[in-house]
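**Q** Take a look at this one; I'll ask things after.
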Amino acid sequence: MNSPSPLARRRWAVALAASLAAGALLAPAAAAAATPTPAPVTVLFSNFEQGRIAPWVAYGDGVSLSSYHTVRLSHETSLRVAQRTQSSHGVTTDITALTSAGQRYTAGVWARLEAGAAPTRVTITAIENGERAVAVAAATTVTADGWTSVAGDYTRAADATRVQIVVSAESATDSFLIDDALLTAYSSTVGVIPDTKPLKDAMPFPLGAATYQRFTTGGPGEVLSRHFDQVTPENYMKPEAWYTADRSFVTSNPEADALMDWAKSTGGRVYGHVLAWHSQIPGWFFQNDQGGALTSSDADKAVLRGRLKAHIDNIAKYFADRYGPYGSAGNPLTAWDVVNEVIADSTSASSNGMRTSNWYNVLGEGFVDDAFRFADEAFNHTYAAPGSARPVSLFINEYGTEGGDNASSKLQRYYDLVTRLLAREVPVDGVGHQFHVSLNTPVGNLDLALKKFEALPVVQAVTEFDVATGFPATERLLIRQGTYVGQAFDIFRAHDANKDLYSVTVWGLADLGSWRYYEGAPLLFDDYYQPKWAYAGAIGAPIPAEPKALSVFGGDVALDAHAFTAPTWSALARTAIREGSDFAARWSADHLTLHVRSNDTSTSADDAVVVQVDGVAYELRRDGTGDLPGVAKNTATGWETVVHVPAADLRAGSALKFNVVVRDGVNEQGWNAPGISGDLTLLEDLSTVDIVRTVSAPDIDGSVDPAWADAHPVTTGKAVNGTDTASAEVRSLWSGSDDTLYLLAQVTDPMIDTSASAAHEKDSVEFFVDLGNTKSGAYTAGDMQLRINANGERSFGAGDAAAQSARVASAVARVDGGYIVEAAIAMNGHGGPGAHVGLDFQVNDAADGRRIGVRTWADPTGSGWNSTGRWGVGTFVTGEDAAPMAIVLGSPSVVAGGAVSAQLSGFTPGDLLELSVEPAAGASTRALAAEASVPVSTVPVAIDENGGASVSVPIPADTAAGDYTVRARQVGTLLADAALTVTAPTTPGDGGGTDHGSGTPGTGGQPSGGQASGSLSSTGGDASGLIGATLGGVLLLAAGALLLRRRRLVR
């Protein structure tokens, strides 16, 4: 990762500081203290979440690397380095492309040993040119008892052509763990805002942050104390944090104590998270004394219920013993998430909408009742201060409530559970909404979720708020995030004014520490605790206008006669410049390809398209001249051009500053305003597949019918996470008779596992279908995420699951080495020849009750569940060839002074062409954009809606007899031609006749290497007429062979 956004943020920090100062939000003394300082910039960060080990690799023969869940610094995973046999063995990553000679960097990791290991020292070394070792971090003692920071500075040598960072341990054989690996650069730039109005002072409700012990002191602690008045432990009050390896309840929980101490010293509050959850809980909770799984028998129910009660009682007692009774001045804990994420992700009648977790499988829905009653007894009675009235508020907490409100939504299932609990008089005080959202989530859905519960006798809380921008987080996305956060906090304030919100908690302090780091800068402060536009939005400060941006798929289009009609242009929606004018873009290694259409019908010498890339401007004029390679043509509605814009070393993930402007004479209008550059983000090549029409639709029974042999296979070849996990070959067909899309996935997966409670954690195939191929990002009514697991069970993502299910038929069959998934999906009128549909295919691989791998066909990020923007495109085809561009003449010859008729076909409807008669060269120039001979006759041609035109071409009387060529051109580009012979007029009494184009038909075609029609003149004799007719027919066949055909499948 090499993101320039922190540097850019330093620039806007100055503007924001001025804005805040104008509003008396910045202390004068602090403003005076702002001086230029080296600003840290994240060059590389790895938190190893979601199985992401790359770009780190093993260093040393036999060393193994793996994601480690048992012990981690934060979130869910760390990196385990094992099977070492030398002290130099460890883990490494190449930083050559991320660093520059002479520049200072800081490299650091958090390190820890596995349980039982004796202390050893861990070092960080830079290996230059494969042999020279440069010490980066001094050897630091690391133990098995906790995490230790190992860090140091490094300056790259001038002669270092390759640099690796290596983390190793002095012990030659001990395994060790690392987490939160960070490489930081420094830029001399203006200092960031040193002191701003505290966020908590701008809120009508308590403002919380999820955090850890290490963020309660030092610089992070100052930010935490200044801006927040409530904390939530992100991990260390979850069930597993309270038990030792021998199943004993801990005697000390330093992480939890640190947050309690912080709250006590700052006058803040602690919101506990979480008492009962299906994840991050010791496995023995759900096992009997012999290690077998607990069942739903009465005896086993009593065992699990007893463990739940003891667990809650012990936690309540732990804090009461240290900080006094709840409700007393010394105890800052005021709320708990009692149960967390108990709602199923999809409709489930059998479980009444509940997640079928281990809790549910043993105790049923009643475990929620038990948890709340046990918590109420412990926190609000047994360990409560005398005279206090329910000092600890008890919450139920859930994610996905921002997914919309309909009969099959998760929000509705959540609401139904809460109403059932209240009806049973379960002591539920509050309803929590996590709100882990992205910029694609409609912000109005946050309002819908909060409104849903307002009439119930509960208080609500936003418990885990963050907003992912997408990765990498460009300045434009950070500005958009600021606007989104501002709108979200306006919603929160409005609900608090109507009915108090208990609190709003942001799920982390700085971007670098977020579990969603790889989804793009989700928090209010950047990697180094500096305020972002998201901070400005939350506090209510102004947000600048957002430059436009576009994600561009890879691809290329040749600058030839077919540049305007290349299939890639119709595969994706175009981007508007102004009403009636638009553009589309693709990229390859050394240039951008743009197709620009202007609705300017008044031709001017100054008409042009101007393209700006990273500050360099290029121009192509309407007449085809300029400093850009390209082709141009006039149309009935204006003109258009396809150009290649030079750019060096482009690759997926690159970002360019870009604008395109259409100039009509002296007037200019651009995608962004002239002089303002938007952002282009370069994506992978667009994944495309032709979906072939089938005459005989396959039966949806899980078997591979013969019809599938005609389908084009694609594979889920993009590994989102995991290594060598299950994959599929996917085929697609469509039926013209019933407007249906058919899909077949043949999954290679020798070990089938559907034991997880969450639908996406089971072995399954996901089909993503966008009926309109809009690539709109956020899901709309036409978008579907269909998941079918190896047992044949279906589930859906966002939207109305019942309505989506009504469009689907599916079947699954187990086979040797895997399983087959077959589905038919109604297109609701969006199919047919030439139709485009957004598609992606995903295989989820599970083992031991959890997902271990994800592979996709199109979107390499695996974010198809959240955004349609990087799905591929399927095109409905019939398998027929399209007609070529051709000119068919009414006669192969014409007498000077006469006229010849020409019939054009196969052209682009609406195009404006020139048809000219030019002397044929001895070796006729047939290349595109060839320099034309001086024409003896030229006529304009407007192509009709069917791609054709009929025109009469006059031949001047003084035209010399000989061979000529009739050519169709668009702004210098040769599209088609036909051969014509001009004969001299006959003199009176020579027995001949005159011919004005009414003789035997001839033919013509696109540019070719030979002559497409004969040179026989008409003599007027019967025999010669018969011969002419015969030769004309032969020539018609010959010309067909000479056409430069646009062979393509009809779409």
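The values are calculated or read from the model by the stated rules, or taken from the named source; none is laboratory data. Predicted, not measured: the structure shown is a model, and the values here were computed from it. Ideal geometry is used to build each Cβ from the backbone, glycine not excepted, and the neighbour counts take in all protein chains shown.
**Q** Taking the options 962, 906, 897, name whichever one is at pLDDT 85 or above and surrounded by 17 or more Cβ atoms within 10 Å (Cβ to Cβ).
**A** From the options 962, 906, 897, the qualifying one is 906.
**Q** Being over 21 Å from residue 804 (Cα atoms) and not in a loop (DSSP other than H, G, I, E, B) is the filter here, so list the residues in region 732-753 that pass it.
**A** Result: 746, 747, 748.
**Q** Evaluate the following for residue 268: is it crowded, with 20+ Cβ neighbours inside 10 Å and on the phi < 0 side of the Ramachandran plot?
**A** yes
So that you can scan it fast, the table gives a plain yes or no per residue for (1) under 20 Å from residue 355 (Cβ atoms); (2) touching a strand residue (DSSP E or B) at 6+ places or on another chain (Cβ under 9 Å); (3) in a strand (DSSP E or B); (4) small (Gly, Ala, Ser):
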position: 418; (1), (2), (3), (4): yes, yes, no, no
position: 448; (1), (2), (3), (4): no, no, no, no
position: 457; (1), (2), (3), (4): no, no, no, no
position: 508; (1), (2), (3), (4): no, yes, no, yes
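**Q** May I ask you to verify whether residue 128 is under 33 Å from the mean Cα position of the chain (by Cα), of a type outside the set (A, V, I, L, M, F, W, C) and either closer than 27 Å to residue 651 by Cα or at pLDDT 95 or above (or both)?
**A** Judged against the criteria, residue 128 is not a match.
**Q** Take residue 584 and decide whether it is assigned by TED's automatic domain parsing to the domain that holds residue 673, buried (at least 20 other Cβ atoms within 10 Å of the Cβ) and within 24 Å of residue 652 (Cβ to Cβ).
**A** Answer is yes for this residue.
**Q** Hey, could you check region 794-823 for residues that are among the acidic types (Asp, Glu) and farther than 29 Å from residue 442 by Cβ and say which is surrounded by the fewest Cβ atoms within 10 Å (Cβ to Cβ)?
**A** That would be 816.
**Q** With a cut-off of at least 3 residues that are closer than 28 Å to residue 859 by Cβ, name the strands (runs of 3 or more DSSP E) lying wholly within region 617-709.
**A** Qualifying strands (runs of 3 or more DSSP E): 638-646, 655-664, 678-685, 688-693.
**Q** Additional query: Inspect region 878-892 for any residue being under 22 Å from residue 692 (Cβ atoms), assigned to a loop (DSSP other than H, G, I, E, B), hydroxyl-bearing (Ser, Thr, Tyr) and modelled with pLDDT under 95 and give the result as yes or no.
**A** There is at least one residue in region 878-892 that is under 22 Å from residue 692 (Cβ atoms), assigned to a loop (DSSP other than H, G, I, E, B), hydroxyl-bearing (Ser, Thr, Tyr) and modelled with pLDDT under 95.
**Q** Suppose we filter 595, 562, 591 for residues that are closer than 30 Å to residue 886 by Cβ and modelled with pLDDT of 95 or more; which single one remains? Steps first, answer last, please.
**A** On the way: 562 fails: modelled with pLDDT of 95 or more; 591 fails: closer than 30 Å to residue 886 by Cβ.
Being closer than 30 Å to residue 886 by Cβ and modelled with pLDDT of 95 or more holds for just one of 595, 562, 591, which is 595.
**Q** On to the next question. Please work out which residue is nearest to residue 279 (Cα to Cα), limiting yourself to region 826-851 and to residues that are of a type in the set (A, V, I, L, M, F, W, C) and crowded, with 22+ Cβ neighbours inside 10 Å.
**A** That would be 846.
**Q** Please indicate, with yes or no, whether at least one residue in region 253-272 is in a loop (DSSP other than H, G, I, E, B), of a type in the set (A, V, I, L, M) and over 23 Å from residue 70 (Cβ atoms).
**A** no
**Q** Residues to consider are 548, 633; find the one that is among the basic types (Lys, Arg), in contact with a Phe, Trp or Tyr (Cβ under 7 Å, 6 or more places away or on another chain) and over 30 Å from residue 481 (Cβ atoms).
**A** On inspection, the qualifying residue turns out to be 633.
**Q** For residue 574, which of the numbered conditions (1) among the charged types (D, E, K, R); (2) surrounded by fewer than 16 Cβ atoms within 10 Å (Cβ to Cβ); (3) at pLDDT below 90 fails to hold?
**A** (3)
**Q** Would you mind stating whether residue 71 is surrounded by 14 or more Cβ atoms within 10 Å (Cβ to Cβ), outside any strand (DSSP E or B) and of a type in the set (Val, Ile, Thr)?
**A** Working: surrounded by 14 or more Cβ atoms within 10 Å (Cβ to Cβ): yes; outside any strand (DSSP E or B): yes; of a type in the set (Val, Ile, Thr): yes.
When the stated conditions are applied, residue 71 passes them.
**Q** Related question: What is the number of the single condition among (1) buried (at least 19 other Cβ atoms within 10 Å of the Cβ); (2) out of contact with any strand residue (DSSP E or B) (no Cβ under 9 Å at 6 or more places or on another chain); (3) not small (Gly, Ala, Ser) that residue 682 does not meet?
**A** The number of the failed condition is (2).
**Q** All but one of (1) part of a helix (DSSP H, G or I); (2) of a type in the set (Gly, Ala, Ser); (3) under 44 Å from the mean Cα position of the chain (by Cα); (4) surrounded by fewer than 15 Cβ atoms within 10 Å (Cβ to Cβ) hold for residue 299; state the number of the condition that does not hold.
**A** With (1) part of a helix (DSSP H, G or I); (2) of a type in the set (Gly, Ala, Ser); (3) under 44 Å from the mean Cα position of the chain (by Cα); (4) surrounded by fewer than 15 Cβ atoms within 10 Å (Cβ to Cβ) applied to residue 299, the lone miss is (3).
**Q** Of the residues that sit in region 933-959 and are in a strand (DSSP E or B) and either free of Cβ contacts under 8 Å to residues at least 12 places away in the same chain or among the hydroxyl-bearing types (Ser, Thr, Tyr) (or both), which one is surrounded by the most Cβ atoms within 10 Å (Cβ to Cβ)?
**A** The residue in question is 937.
**Q** Give the residue, chosen from 72, 112, that is under 26 Å from residue 134 (Cβ atoms) and either touching a residue at least 40 places away in the same chain (Cβ under 8 Å) or not assigned by TED's automatic domain parsing to the domain that holds residue 154 (or both).
**A** That would be 112, the only listed residue that is under 26 Å from residue 134 (Cβ atoms) and either touching a residue at least 40 places away in the same chain (Cβ under 8 Å) or not assigned by TED's automatic domain parsing to the domain that holds residue 154 (or both).
**Q** Next up: Might you check whether a residue that is within 29 Å of the chain's Cα centre (by Cα) and not aliphatic (A, V, I, L, M) occurs anywhere in region 636-645?
**A** yes
**Q** Among the listed residues 101, 133, 185, identify the single one that is small (Gly, Ala, Ser) and modelled with pLDDT of 90 or more.
**A** It is 133.
**Q** Given 359, 336, which one is under 20 Å from residue 500 (Cα atoms) and either part of a loop (DSSP other than H, G, I, E, B) or modelled with pLDDT of 95 or more (or both)? Quick ask: steps written out before the conclusion?
**A** On the way: 359 fails: under 20 Å from residue 500 (Cα atoms).
Matching residue, one of 359, 336: 336.
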